[in-house]
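Structure record follows, encoded as structure tokens.
Readers should treat all values here as calculations from the given coordinates under stated rules, not as data from a laboratory. For clarity, every value in this text was computed on a predicted model and none was experimentally measured. As a convention, Cβ positions derive from the backbone with ideal geometry for all residues, glycine included, and neighbour counts pool all protein chains shown.
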């Protein structure tokens, strides 16, 4: 029973790290897999070192009345 709790906590932490990787080049899947198989701390470090995805900014001009 104790092993099940540890497994659920590990998967939960890996999912949180995966959510951080969603907006980065590494992606959710790789972040999740690395944190699940290595450790959540190592997965977090790798995810945070991954570059963020490029974001396009749209210039919205306001109407001047």
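In percent, rounded to a whole number, the relative contact order of the range 2-49 is 34, using alpha-carbon pairs under 8 Å and six or more apart. The base-10 log of I(q)/I(0) for the chain, evaluated at q = 0.15 Å⁻¹, reads -0.51 [Debye formula, identical scatterers on Cα atoms, solvent excluded]. Against the chain, whose longest principal axis comes from its Cα atoms, helix 2-21 is set at around 20 degrees. Taking the number of Cβ atoms within 10 Å of each Cβ as an exposure proxy, the fewest-first ranking of 32, 49, 57 is 57, 49, 32.
With everything on Cα atoms, drop me the angle between helix 27-37 and the longest principal axis of the chain, reported from 0 to 90° to the nearest 10. So the inclination is approximately 20 degrees.
Against the longest principal axis of the chain, how steep is helix 40-49, in degrees 0 to 90 to the nearest 10, with axes from Cα atoms? Result, in degrees: 30.
Put in order of Cβ neighbour count within 10 Å, fewest first, the listed residues 39, 31 become 39, 31.
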